[in-house]
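*Asks:* Provided herewith is a single structure, encoded as structure tokens, for subsequent inquiry.
The values are calculated or read from the model by the stated rules, or taken from the named source; none is laboratory data. Model, not experiment: these values are computed from the prediction. Note: ideal-geometry Cβ built from the backbone for every residue, glycine included; neighbour counts use all protein chains shown. What goes into the accessible areas is simple: the full protein's heavy atoms, side chains included, and nothing from ligands, DNA or RNA. Shrake-Rupley method; radii C 1.70, N 1.55, O 1.52, S 1.80 Å.
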Amino acid sequence: MVVRRTTWTMAIAATLAMATLGGCAPLVVGGAMVGGAIVATDRRSVGIQLEDEAIESRINRAIAERVPPEQANVTVTSYNRKVLLTGEVTTALVREQIEALAKGAENVRAVENDIFVAPLTTRTQRNNDLAIAARLQAALLADPAVPSSAIKPVTQRGIVYLMGRVTEAEGDAAARVAARVQGVQRVVKVFDFLSEAEAAEFRKPPPATPPQKGRP
């Protein structure tokens, strides 16, 4: 079984995205570049970001312990404690087993199961997904209507899943961008939607830090 950590996929995609953009703009994963300074713009608290990582680890470990490797190729992605399951398994029973493991994991509030019962993807197909992910990341970063740091994309089998905390307008904009990316077969929105007022709070610049005594 290949249980792929989305964090690594995103890191690879971000690196390739920089190459795609030709180095014309600074690349910041999980933040925005403002006046040469990095401003954190993830719409999750630091505690929730860490918990999402822990949730992914717990579920990945449970799958590895209970599902034979030749029966599943599953990606586990947690965003704001909502878990997305993607990939392939050889039987419907294994699909149900993995969903149950995810639902039973500590601190999970919801599970979206989009695992296919199908032959496991080949290395070539997985490399193609990585290439799509790189193009997608570049496209999301380039569109000013998309709060890219508030969106966590997952690419599998040519399908793009979009997670994050966004308004409906922001989610629609991200979906339009994703649909235009070469190689994308389908776009699935798995967002948690915010009101415009809630999103406006995240768009406010952080308060200025007062200078410390004894320093200019």
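*Asks:* In the range 135-216, what percent of the accessible surface is made up of carbon and sulfur (1.4 Å probe, ligands and nucleic acids excluded)?
*Replies:* Carbon with sulfur: 53 percent of the solvent-accessible area.
*Asks:* May I ask you to compute the full-extension gain from L93 to A64, defined as 0.36 nm times their residue separation minus their alpha-carbon distance, rounded to one decimal in nm?
*Replies:* 8.9 nm
*Asks:* Further, regarding this structure: Given a Förster distance of 25 angstrom, what is the FRET efficiency for A100 paired with S57, based on the Cβ-Cβ distance and rounded to 0.05?
*Replies:* Once rounded, the FRET efficiency stands at 0.90.
*Asks:* At 1.4 Å probe radius, can you tell me the per residue accessible area of the range 99-216 in Å²?
*Replies:* 56
*Asks:* Still on this structure, I have one more. Any chance you could run the full-extension gain for R186 through A169? It's 0.36 nm times the residue separation minus the Cα-Cα distance, nm to one decimal.
*Replies:* Length gained, R186 through A169: 4.2 nm.
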